[in-house]
Each structure stands twice: as C-alpha cells, then as structure tokens.
Amino acid sequence: MWQARIIIHNGRPIPFEEARIHPLALGVAFGIAVFEGLRAYRHPTTGRFAVFRLEEHLARLGQGMKVLRLKDPPALDVLRQAVLDVIRLNEPDDDAYLRLQVQIEGMGMMATTGPVGWIAAALPRERSTKFATGLAAQVSSWTRLPDNAMPPRVKASANYHASRLATLQAKADGYDSAILLTARGKVSEAAAACLFLVRDGVLATPSRSSDILESITRDTVIALAREQGIAVEEREVDRSELYVAEEVFLCGTGQELVPVTSVDRLPVGDGTPGDVTKRLQAAYERVVRGTTDAHPEWRTPV
Ligand SMILES: Cc1ncc(COP(=O)(O)O)c(C=O)c1O
C-alpha cells in the first residue's frame, strides 16, 4: 500500500513527518479545530482519481469555521486547490482518504480566535473489514452531544471525545461499533457515521434535528435511494425500532456503507446484510468511483 509522504501545512508542502504545531496552541490545548474527511477514488480502468463531493465538504468546513468564529480563516478556493495538490504530490496508486483541518495555531485564552492554520493531508485507507459481513452494534450509554452545547453539525475535533468514549465502551463490551441516542432518547447516529434503517420497505434516517452531523454520505444515500424508487423518510427514530427493523446500516465517507447485522446482540432481520443495503452499497460504489455517468457534478477530477 502507498504511504503518505507530503502534507501541505499553511500552503507549504513539507515531508509528512515534519508537520509541527505548539502543544499549547488552542488547536491542541482546547481542540479548537474543524476538519473534513474526504475520499478520492481511483477509476478502475482509466486509473484517474476524482474527489467525491469536494464542494459539499468545503461548504461544510466553511460553516464550521464560521460557527467557531475563527479569525482570518483560509479561503475555500485555497483549500480546494490544496486538496487536489496533496493528492498529486503523494502519487497514490489506490484510493486516498483526505483530511482538511483548520486549527488555531496561536496560544492564548478561551476566546482567542487566531492565528489560524490549516493542513491538507492524503492517507491510504482501506475499506471496512465489515463491509460485506456487517457489524455488531451496541446502543451506547453515552449520549450524543446536544446542539446547544457542542453543535454536532459542526465537524469540530473536540466533538470526537464523545464519539471516542462510546467507541471505547463498545469495544470493551465486545461490539464493533456504538450507536448514540440524543439527550431525548431518540436514535442519533454512530460514532463517526450516520444511520439508516429499513422498516416495512421504507428507508428511514434520523432527521437533521436529531443531533447528527449533516453527513454528505447520508445526503448521497437519500438521493440514490429515491432514484431507485425506494421511499425515504427523515424523521425521529426510536431505539426499539433498531430491534425490529428489517435492515440497518451505517454510512460515512470513511466507513462508506456498512451493514449492521445485530444491535445489542439482537439480530437485525435474519442477521445478514439485507437487499436494500446491498443495492445501495453497489449504487454508492458506482457513483463514487465513476463507473456510472450519473452525477458527474459529485466527482472533481484530480
Ligand atoms: C460523527 C459523524 N457522523 C457522520 C459522519 C458521516 O459524514 P460524511 O458522510 O459527511 O462523511 C461522520 C464522518 O466522519 C462523522 O464523524
């Protein structure tokens, strides 16, 4: 597998290992950073790379920088170019996982808003080992962050402290993944992925006011499902619906679409990945990799 060799830090390509930031910078001290995880997929015959939904990732990062009130944040045009450059500079021979991150690099007090720095990185990342077989999920006793404390629609680094606690608990208890509930006890999402379930043939996913990250993969899945004639509902989802659903799956840029085959040790459906999940996995694979002509606007050629 290829290795990350170059990282772009504040516009300068440097060797990956040489990136530095002070431990007392607010980005480290208080986790004041926002980021995006993106993927560049390699076309199976042409070998050319395309970044999936780059514009939507940039737009969400822009929203995050605004909510965190970062001073003099980098321009989205600069970040767009850096994403394309960092892929070329690393010369991957397979799919790349990309990280754009904007952090406060200055020291200071709680209300310090700069100076702001940023990185663009390209890393190898394999597909989830559970992609075909499905994973065992646990409904976590940790609660999803509420919007009026740490807004989950902002992809802030500090938010992942909560996701990490839930993941550590799930692993310690012998599960693969955690599903978090909102403070009101409704289903929100997994630690780093959104959630769908199939009930009576209808695809349902927690609404945007269920303390989810407004996931780009979730948006993609909704569009692909509707194009296939599958009805989709964005609504509140009860915990017990997870136990009686025909199918459950998680989705995100990193995880792509992964079936959930049990929740709290109860099998989902017959305990194997369901048909709707498999159909959507295949449709997702075609559209991200560009083996279909559909949605060219979602793929930015490198
Ligand atoms: C908490 C959380 N929810 C959902 C997602 C999925 O978001 P996206 O599809 O935009 O990658 C992620 C992605 O990393 C995430 O961290």
(request) Look at residue 211 and say whether it is within 16 Å of the ligand (Cβ to nearest atom) and at positive phi. (result) yes
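With a cut-off of at least 1 residues that are within 16 Å of the ligand (Cβ to nearest atom) and open to solvent by less than 70 Å² (accessible area, probe 1.4 Å), name the strands (runs of 3 or more DSSP E) lying wholly within the range 1-116.
Details: elements: 6-9, 12-15, 33-42, 49-52, 96-104.
Correct list: 33-42, 49-52, 96-104.
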When every residue in the range 190-207 that is touching a helix residue (DSSP H, G or I) at 6+ places or on another chain (Cβ under 9 Å) and open to solvent by 10 Å² or more (accessible area, probe 1.4 Å) is compared, the one nearest to residue 155 (Cα to Cα) is 192
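What's the total number of residues in the range 133-151 that are assigned to a loop (DSSP other than H, G, I, E, B) and of a type in the set (Val, Ile, Thr)? Write out each step before concluding.
Narrowing the range 133-151 to residues assigned to a loop (DSSP other than H, G, I, E, B): 133-134, 144-151.
Pick out the ones that are also of a type in the set (Val, Ile, Thr) and you get 133.
Residues that pass the stated criteria total 1.
Can you confirm whether residue 220 is farther than 25 Å from residue 183 by Cα, assigned by TED's automatic domain parsing to the domain that holds residue 203, surrounded by 15 or more Cβ atoms within 10 Å (Cβ to Cβ) and out of contact with any helix residue (DSSP H, G or I) (no Cβ under 6 Å at 6 or more places or on another chain)? Break it down into steps so the answer makes sense when it comes.
On the way: farther than 25 Å from residue 183 by Cα: yes; assigned by TED's automatic domain parsing to the domain that holds residue 203: yes; surrounded by 15 or more Cβ atoms within 10 Å (Cβ to Cβ): yes; out of contact with any helix residue (DSSP H, G or I) (no Cβ under 6 Å at 6 or more places or on another chain): yes.
When the stated conditions are applied, residue 220 passes them.
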Those residues of the range 125-138 which are aliphatic (A, V, I, L, M) and crowded, with 18+ Cβ neighbours inside 10 Å amount to 135, 136, 137
_residue 227 vs. criteria among the acidic types (Asp, Glu) and within 12 Å of the ligand (Cβ to nearest atom)_ = no
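Out of the range 177-189, which residues are crowded, with 21+ Cβ neighbours inside 10 Å and either charged (D, E, K, R) or at pLDDT below 95 (or both)?
Let us first name the residues in the range 177-189 that are crowded, with 21+ Cβ neighbours inside 10 Å, namely 177-182, 187-189.
Selection gives 189 alone.
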- Would you mind stating whether residue 242 is open to solvent by less than 50 Å² (accessible area, probe 1.4 Å), within 30 Å of residue 86 (Cα to Cα) and not β-branched (Val, Ile, Thr)? no
Among helices (runs of 4 or more DSSP H) entirely inside the range 152-258, those with 2 or more residues being among the charged types (D, E, K, R) and either within 23 Å of residue 39 (Cβ to Cβ) or without any contact (Cβ under 8 Å) to a residue 12 or more places away in the chain (or both) are 160-172, 216-227
Among (1) open to solvent by less than 20 Å² (accessible area, probe 1.4 Å); (2) within 19 Å of residue 199 (Cβ to Cβ), residue 256 falls short only on (2)
Considering the range 259-302, residues that are part of a strand (DSSP E or B) and free of Cβ contacts under 8 Å to residues at least 40 places away in the same chain, and then whichever is surrounded by the fewest Cβ atoms within 10 Å (Cβ to Cβ), we arrive at 266
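The values are calculated or read from the model by the stated rules, or taken from the named source; none is laboratory data. What you see is a predicted model, and the numbers here were worked out from it, not measured in a lab. Cβ sites come from the backbone with ideal geometry, for glycine too, and all protein chains shown count toward neighbours. Calculation scope for accessible area: heavy atoms of the full protein, side chains included, ligands and nucleic acids excluded. Shrake-Rupley method; radii C 1.70, N 1.55, O 1.52, S 1.80 Å.
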